[in-house]
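Colleague: My questions will all concern the structure given below.
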Amino acid sequence: MGVRTWIEGWPVYRQLTGPDKLGLGAAAKSGATSRRQPRVAEADNVVKSVCPYCAVGCGQNVYVQDGKVTQIEGDPDSPVSRGRLCPKGSASLQLTTGDARQYQVLYRRPNGTDWEKLGLDQAMDMIADRVLAARRKGWQWEVDGQRTRRTLGFASLGGATLDNEENYLFKKLFTALGAVQIENQARI
């Protein structure tokens, strides 16, 4: 490479001799920078989502390629976060693609020390059995002569990332089961 070629490739030279006198555009780009592409350039689809970590509800753009999540970034159109994410939200890609993600149900028996794998159907049946047992044990037909038909055997606390429709369905489910302690942390 000759000296002249090297000087012409130098950003300061391009800034002084070219139209980009402030060095804000083409003058500041190197050859390597010009060849780079954003990580999301090859995504097939962009899905709008909400960060699942806290009650703030920051908007996220989830980039999908060939049916797999490839990148998650802050959504600049979100009035809540305006494209910004905290460290937890920025790392939420690991929820879908991380090596530590579990794909089976793990269960630790009471007073047990080891986790055992269960099938999803078995785990769902265990949950349903325990809900019905708690409902039966805590059921109150009457309190002080007043008809109540309720249970104090369990309660519901919804998460912050549930939207109005999901909270409505949770309320309907737990009301149908007879629960009276139903609350959520919704802020969206």
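The values are calculated or read from the model by the stated rules, or taken from the named source; none is laboratory data. Nothing here was measured: the structure is a model prediction, and the numbers come from that model. Note: ideal-geometry Cβ built from the backbone for every residue, glycine included; neighbour counts use all protein chains shown.
Colleague: Can you find a residue that is within 20 Å of the chain's Cα centre (by Cα) and not hydrophobic (A, V, I, L, M, F, W, C) anywhere in the range 115-135?
Modeller: No, because not a single residue in the range 115-135 is within 20 Å of the chain's Cα centre (by Cα) and not hydrophobic (A, V, I, L, M, F, W, C).
Colleague: Answer yes or no as to whether Val105 is hydrophobic (A, V, I, L, M, F, W, C), closer than 30 Å to Gly153 by Cα and either modelled with pLDDT under 90 or over 13 Å from the mean Cα position of the chain (by Cα) (or both).
Modeller: The answer is yes for Val105.
Colleague: Would you be able to tell me the number of residues in the range 21-38 that are modelled with pLDDT of 75 or more and surrounded by 12 or more Cβ atoms within 10 Å (Cβ to Cβ)?
Modeller: 0
Colleague: For the range 50-69, which residues satisfy the criterion of being small (Gly, Ala, Ser) and either in contact with a helix residue (DSSP H, G or I) (Cβ under 7 Å, 6 or more places away or on another chain) or surrounded by fewer than 16 Cβ atoms within 10 Å (Cβ to Cβ) (or both)?
Modeller: Matches in the range 50-69: Ala55, Gly67.
Colleague: Against the conditions (1) within 30 Å of Gln60 (Cα to Cα); (2) without any contact (Cβ under 8 Å) to a residue 12 or more places away in the chain, where does Asn164 fall short? Just the number, please.
Modeller: (2)
Colleague: Checking Val69 against (1) under 35 Å from the mean Cα position of the chain (by Cα); (2) at pLDDT below 85, only one condition comes out false. Which one?
Modeller: All conditions pass for Val69, except number (2).
Colleague: Another one. Looking at the structure I just gave you, is Ile72 loosely packed, with under 15 Cβ neighbours inside 10 Å, farther than 30 Å from Asp121 by Cβ, in contact with a helix residue (DSSP H, G or I) (Cβ under 8 Å, 6 or more places away or on another chain) and not acidic (Asp, Glu)?
Modeller: Here the answer is no, as Ile72 does not meet what is asked.
Colleague: Filter the strands (runs of 3 or more DSSP E) completely within the range 71-151 down to those with at least 2 residues that are charged (D, E, K, R).
Modeller: 116-118, 146-151
Colleague: Taking the condition of a type in the set (S, T, N, Q) and in contact with a helix residue (DSSP H, G or I) (Cβ under 9 Å, 6 or more places away or on another chain), does Thr151 pass?
Modeller: yes
Colleague: State all residues of the range 138-166 that are under 11 Å from Asn184 (Cα atoms) and of a type in the set (S, T, N, Q); if no residue qualifies, say none.
Modeller: Ser156, Thr161, Asn164, listed by residue number.
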